[in-house]
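The structure under discussion is supplied below as structure tokens; questions concerning it will follow.
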Amino acid sequence: MAFLGKSLLGLAALALHAAVAAQTAGQLPLLVGTGGSNMSFSVPIQTLLFFTALSFLPAVLLMMTGFTRIVIVLSLLRQALGTQSSPPNQVIVGLSLFLTFFVMGPTLDRVYADAYLPLTKNTITFEQALERGEAPIRSFMVKQTRQSDFALFAKLAKLPPEVKADTAPMRVLVPSFVISELKSAFQIGFMIFIPFLVIDIVVASVLMSLGMMMLSPVLVALPFKLMLFVLADGWNLLIGSLAASFVT
């Protein structure tokens, strides 16, 4: 959030510089208002800033939410099942996206209530909105970050020992959070692989004992894997456990 705010502020400064040149050249004004606190950007500049901010959304989505853990777990599930492209990538990404919104719902509600609404009512400045919006996201990341991962990046950044995750710079907290998410995702993926691996071993052993070496064990094991996953209500268990894995 901090680096996003700095980038937008930089664009705003460039827009102010461009406004002077545009008004001097007799073009449409890029600023509206009489000056002071009533001055604001015109619609074209607001549109430019909006679409520029959209370019930061993939990084924010991947690095500062639970999207990374969710999409990796679902991808590992597809590999454990042995299906080549089912569910397809669009379904995995779409489900991961909406599940991320579900998990991040309380955090996003706090950002909306504490930062966005006061900003739209002009009761706080843009810098204050950034600080208020950063607090809930920082709190979410701190709860998911392992102390060992934070200690690693704090050591690399040469932070003082008294600096904790709650007050650490975002450049230290974000990579610590991502590393913790990757570790959690692979731990969950390992647990998912175990029952399907047992089925693969059993099927391969049976086929070898019957002398059917030319028959692919993967092809034979796939129906049994699907049957096990459906009978165990796998989607319900997986999604429920995945959502519950986030510390709130």
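Scan the range 109-127 for residues that are assigned to a helix (DSSP H, G or I) and free of Cβ contacts under 8 Å to residues at least 12 places away in the same chain and jot them down.
Result: Asp109, Tyr112, Ala113, Leu117, Leu119, Thr120.
Which one of these is β-branched (Val, Ile, Thr) and surrounded by 15 or more Cβ atoms within 10 Å (Cβ to Cβ): Thr167, Thr100?
Thr100
OK, next. Tally up the residues in the range 143-163 that are in contact with a helix residue (DSSP H, G or I) (Cβ under 8 Å, 6 or more places away or on another chain) and under 10 Å from Phe177 (Cβ atoms), please.
Matching residues across the range 143-163 total 6.
Okay, moving on. For the range 222-231, enumerate the residues that are farther than 17 Å from Leu76 by Cβ and either in a loop (DSSP other than H, G, I, E, B) or open to solvent by less than 80 Å² (accessible area, probe 1.4 Å) (or both).
Across the range 222-231, the qualifying residue is only Pro223.
For the range 36-71, which residues satisfy the criterion of being surrounded by fewer than 16 Cβ atoms within 10 Å (Cβ to Cβ), part of a loop (DSSP other than H, G, I, E, B) and modelled with pLDDT under 75?
Within the range 36-71, just Met39 meets the criteria.
Further, regarding this structure: Looking at the range 144-164 only, could you name the residues that are assigned to a helix (DSSP H, G or I) and surrounded by 13 or more Cβ atoms within 10 Å (Cβ to Cβ)?
Residues satisfying the conditions are Gln144, Asp149, Phe150, Ala151, Leu152, Phe153, Ala154.
Residues checked against (1) without any contact (Cβ under 8 Å) to a residue 24 or more places away in the chain; (2) in contact with a helix residue (DSSP H, G or I) (Cβ under 8 Å, 6 or more places away or on another chain); (3) part of a helix (DSSP H, G or I); (4) among the acidic types (Asp, Glu):
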position	(1), (2), (3), (4)
Phe140	no, yes, yes, no
Phe177	no, yes, yes, no
Ser184	no, yes, yes, no
Gly189	no, yes, yes, no
Ile194	yes, no, yes, no
Val198	yes, no, yes, no
Met208	yes, no, yes, no
Met213	yes, yes, no, no
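For Phe229, all conditions in the list (1) of a type outside the set (D, E, K, R); (2) free of Cβ contacts under 8 Å to residues at least 12 places away in the same chain; (3) touching a helix residue (DSSP H, G or I) at 6+ places or on another chain (Cβ under 9 Å); (4) within 19 Å of Thr83 (Cβ to Cβ) hold save one; what is the number of the exception?
(2)
The values are calculated or read from the model by the stated rules, or taken from the named source; none is laboratory data. These figures come from a predicted structure and were not determined experimentally. All Cβ positions, glycine included, derive from the backbone under ideal geometry; neighbour counts span all protein chains shown. Calculation scope for accessible area: heavy atoms of the full protein, side chains included, ligands and nucleic acids excluded. Shrake-Rupley method; radii C 1.70, N 1.55, O 1.52, S 1.80 Å.
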